[in-house]
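Inspection log for the structure reproduced underneath, given as C-alpha coordinates.
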Amino acid sequence: MDVCEVMVVAIEMEAESERFYQQAASTSSNPLAIRTFEALAEWEVEHRRLLEAVHAKAEATQSCPTLAELEAEELDMIEHAELIFKTALQDVDDTLAHDPTLSGAYATAMEKERKAIAFYQEQLEATEDPNEKQLYEFLLKQERGHLSLLATTEEYLNDTKYWFFKEEMWFATPG
(Lines give C-alpha, C1' and ligand atoms only; values in the text may rest on other atoms or scores of the structure.)
Protein backbone atom coordinates (compact mmCIF):
# COMPACT_ATOMS: atom_id res chain seq x y z
CA MET A 1 0.00 0.00 0.00
CA ASP A 2 1.19 3.49 -0.69
CA VAL A 3 0.91 6.17 1.99
CA CYS A 4 -2.41 7.47 0.62
CA GLU A 5 -3.99 4.00 0.78
CA VAL A 6 -2.63 3.49 4.29
CA MET A 7 -4.08 6.84 5.36
CA VAL A 8 -7.56 5.92 4.06
CA VAL A 9 -7.53 2.74 6.17
CA ALA A 10 -6.02 4.53 9.18
CA ILE A 11 -8.53 7.41 9.03
CA GLU A 12 -11.43 4.94 9.11
CA MET A 13 -9.81 3.02 11.97
CA GLU A 14 -9.41 6.20 14.02
CA ALA A 15 -12.98 7.35 13.23
CA GLU A 16 -14.37 3.97 14.27
CA SER A 17 -12.42 4.10 17.53
CA GLU A 18 -13.64 7.64 18.18
CA ARG A 19 -17.27 6.52 17.75
CA PHE A 20 -16.69 3.56 20.05
CA TYR A 21 -15.10 5.70 22.78
CA GLN A 22 -17.91 8.27 22.59
CA GLN A 23 -20.49 5.49 22.93
CA ALA A 24 -18.59 3.88 25.82
CA ALA A 25 -18.38 7.22 27.64
CA SER A 26 -22.07 7.92 27.14
CA THR A 27 -23.16 4.53 28.51
CA SER A 28 -20.88 4.41 31.55
CA SER A 29 -21.81 5.68 34.98
CA ASN A 30 -18.26 5.54 36.35
CA PRO A 31 -16.51 8.95 36.32
CA LEU A 32 -13.05 7.46 35.70
CA ALA A 33 -14.27 5.35 32.78
CA ILE A 34 -16.20 8.30 31.35
CA ARG A 35 -13.17 10.61 31.50
CA THR A 36 -10.88 7.92 30.10
CA PHE A 37 -13.16 7.19 27.14
CA GLU A 38 -13.79 10.90 26.50
CA ALA A 39 -10.04 11.59 26.44
CA LEU A 40 -9.44 8.67 24.10
CA ALA A 41 -12.21 9.91 21.77
CA GLU A 42 -10.56 13.36 21.68
CA TRP A 43 -7.16 11.82 20.93
CA GLU A 44 -8.65 9.75 18.11
CA VAL A 45 -10.07 12.97 16.62
CA GLU A 46 -6.58 14.49 16.76
CA HIS A 47 -5.11 11.40 15.11
CA ARG A 48 -7.78 11.44 12.40
CA ARG A 49 -7.07 15.11 11.64
CA LEU A 50 -3.34 14.40 11.47
CA LEU A 51 -3.93 11.46 9.13
CA GLU A 52 -6.25 13.55 6.95
CA ALA A 53 -3.49 16.17 6.67
CA VAL A 54 -0.98 13.45 5.76
CA HIS A 55 -3.38 12.12 3.12
CA ALA A 56 -3.98 15.56 1.60
CA LYS A 57 -0.27 16.43 1.46
CA ALA A 58 0.72 12.99 0.20
CA GLU A 59 -1.92 13.12 -2.51
CA ALA A 60 -0.72 16.56 -3.60
CA THR A 61 3.02 15.82 -3.51
CA GLN A 62 3.11 12.03 -3.95
CA SER A 63 5.24 11.77 -0.80
CA CYS A 64 4.73 11.59 2.95
CA PRO A 65 5.18 14.91 4.76
CA THR A 66 7.41 15.16 7.81
CA LEU A 67 5.95 15.42 11.31
CA ALA A 68 7.46 18.92 11.53
CA GLU A 69 5.55 19.95 8.39
CA LEU A 70 2.38 18.61 9.98
CA GLU A 71 3.12 20.33 13.30
CA ALA A 72 2.31 17.05 15.05
CA GLU A 73 2.52 17.27 18.81
CA GLU A 74 3.36 14.28 20.93
CA LEU A 75 1.05 13.84 23.90
CA ASP A 76 2.58 13.13 27.26
CA MET A 77 0.41 10.14 28.16
CA ILE A 78 1.63 10.02 31.77
CA GLU A 79 0.73 13.66 32.31
CA HIS A 80 -2.69 13.14 30.71
CA ALA A 81 -3.31 9.94 32.69
CA GLU A 82 -2.46 11.73 35.94
CA LEU A 83 -4.92 14.48 35.09
CA ILE A 84 -7.66 11.98 34.20
CA PHE A 85 -7.13 10.07 37.44
CA LYS A 86 -6.86 13.21 39.58
CA THR A 87 -10.10 14.75 38.32
CA ALA A 88 -12.06 11.50 38.11
CA LEU A 89 -11.04 10.16 41.50
CA GLN A 90 -12.58 13.20 43.13
CA ASP A 91 -15.93 11.81 41.93
CA VAL A 92 -15.36 8.10 42.58
CA ASP A 93 -15.71 6.27 45.84
CA ASP A 94 -14.74 2.65 46.45
CA THR A 95 -18.30 1.44 46.05
CA LEU A 96 -18.48 2.82 42.51
CA ALA A 97 -15.02 1.77 41.40
CA HIS A 98 -15.79 -1.84 40.46
CA ASP A 99 -18.31 -1.92 37.62
CA PRO A 100 -18.48 -5.33 35.93
CA THR A 101 -20.34 -3.88 32.94
CA LEU A 102 -17.19 -1.98 31.95
CA SER A 103 -15.04 -5.06 31.37
CA GLY A 104 -16.51 -5.63 27.90
CA ALA A 105 -15.95 -2.01 26.92
CA TYR A 106 -12.36 -2.11 28.13
CA ALA A 107 -11.69 -5.42 26.38
CA THR A 108 -13.05 -4.03 23.10
CA ALA A 109 -11.14 -0.77 23.52
CA MET A 110 -7.86 -2.57 24.19
CA GLU A 111 -8.43 -4.82 21.18
CA LYS A 112 -8.97 -1.74 18.98
CA GLU A 113 -5.70 -0.26 20.25
CA ARG A 114 -3.86 -3.56 19.69
CA LYS A 115 -5.17 -3.69 16.10
CA ALA A 116 -4.02 -0.12 15.51
CA ILE A 117 -0.60 -0.98 16.93
CA ALA A 118 -0.34 -4.05 14.70
CA PHE A 119 -1.43 -2.04 11.64
CA TYR A 120 1.06 0.77 12.20
CA GLN A 121 3.83 -1.72 13.05
CA GLU A 122 3.15 -3.56 9.79
CA GLN A 123 3.32 -0.28 7.85
CA LEU A 124 6.53 0.70 9.64
CA GLU A 125 8.17 -2.57 8.68
CA ALA A 126 6.94 -2.35 5.08
CA THR A 127 8.22 1.13 4.24
CA GLU A 128 11.66 2.44 3.42
CA ASP A 129 10.57 6.08 3.38
CA PRO A 130 12.07 7.92 6.39
CA ASN A 131 9.10 10.29 6.70
CA GLU A 132 6.65 7.39 6.74
CA LYS A 133 8.80 5.58 9.30
CA GLN A 134 8.77 8.68 11.51
CA LEU A 135 4.98 8.98 11.15
CA TYR A 136 4.34 5.31 11.99
CA GLU A 137 6.73 5.43 14.97
CA PHE A 138 4.89 8.52 16.24
CA LEU A 139 1.50 6.81 15.84
CA LEU A 140 2.77 3.61 17.46
CA LYS A 141 3.93 5.52 20.52
CA GLN A 142 0.55 7.24 20.80
CA GLU A 143 -1.43 4.00 20.41
CA ARG A 144 0.77 2.22 22.96
CA GLY A 145 0.06 5.07 25.35
CA HIS A 146 -3.67 4.62 24.78
CA LEU A 147 -3.36 0.88 25.47
CA SER A 148 -1.38 1.54 28.64
CA LEU A 149 -3.96 4.06 29.88
CA LEU A 150 -6.77 1.59 29.23
CA ALA A 151 -4.95 -1.24 31.00
CA THR A 152 -4.16 0.96 34.00
CA THR A 153 -7.69 2.30 34.40
CA GLU A 154 -9.22 -1.15 33.93
CA GLU A 155 -6.90 -2.54 36.59
CA TYR A 156 -7.86 0.29 38.93
CA LEU A 157 -11.58 -0.20 38.32
CA ASN A 158 -11.34 -3.96 38.92
CA ASP A 159 -9.37 -3.80 42.17
CA THR A 160 -9.01 -0.33 43.62
CA LYS A 161 -7.35 -1.22 46.90
CA TYR A 162 -4.74 -3.55 45.35
CA TRP A 163 -4.06 -1.06 42.55
CA PHE A 164 -2.96 1.64 44.99
CA PHE A 165 -0.74 -0.83 46.85
CA LYS A 166 0.85 -2.05 43.62
CA GLU A 167 1.36 1.47 42.24
CA GLU A 168 2.98 2.60 45.49
CA MET A 169 4.99 -0.61 46.03
CA TRP A 170 8.27 1.31 45.73
CA PHE A 171 7.30 3.09 48.94
CA ALA A 172 6.46 -0.11 50.82
CA THR A 173 9.56 -2.09 49.88
CA PRO A 174 13.11 -1.35 51.01
CA GLY A 175 15.20 -0.12 48.18
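Give segment 11-47 a look and list any residue that's within 12 Å of the chain's Cα centre (by Cα) and of a type in the set (D, E, K, R), or say none.
E14, E18, E38, E42, E44, E46
Of the residues in segment 53-81, how many are surrounded by fewer than 16 Cβ atoms within 10 Å (Cβ to Cβ), at pLDDT 80 or above and either touching a Leu at 6+ places or on another chain (Cβ under 8 Å) or in a helix (DSSP H, G or I) (or both)?
5
Kindly indicate the residue of segment 1-26 that is in a helix (DSSP H, G or I) and among the acidic types (D, E) and also farthest from L102 (Cα to Cα) among those meeting that condition.
The residue in question is E5.
Given the conditions (1) surrounded by fewer than 14 Cβ atoms within 10 Å (Cβ to Cβ); (2) modelled with pLDDT under 90, report the number of the one that T160 does not fulfil.
(1)
Within segment 1-34, can you find the residues that are at pLDDT below 95, loosely packed, with under 13 Cβ neighbours inside 10 Å and over 19 Å from C64 (Cα atoms)?
Hits for segment 1-34 are S26, S29.
Tell me, which residue of segment 111-124 that is hydrophobic (A, V, I, L, M, F, W, C) and crowded, with 16+ Cβ neighbours inside 10 Å is nearest to F20 (Cα to Cα)?
Across segment 111-124, the extreme among qualifying residues is A116.
Mind listing just one residue for me: the one in segment 125-146 that is hydrophobic (A, V, I, L, M, F, W, C) and surrounded by 15 or more Cβ atoms within 10 Å (Cβ to Cβ) and, of those, nearest to E5 (Cα to Cα)?
Filtering first and then ranking leaves L135.
The values are calculated or read from the model by the stated rules, or taken from the named source; none is laboratory data. Every value quoted in this text rests on a predicted model; they were computed, and no experiment measured them. Glycine gets a Cβ as well: all are built from the backbone with ideal geometry, and neighbour counts include every protein chain shown.
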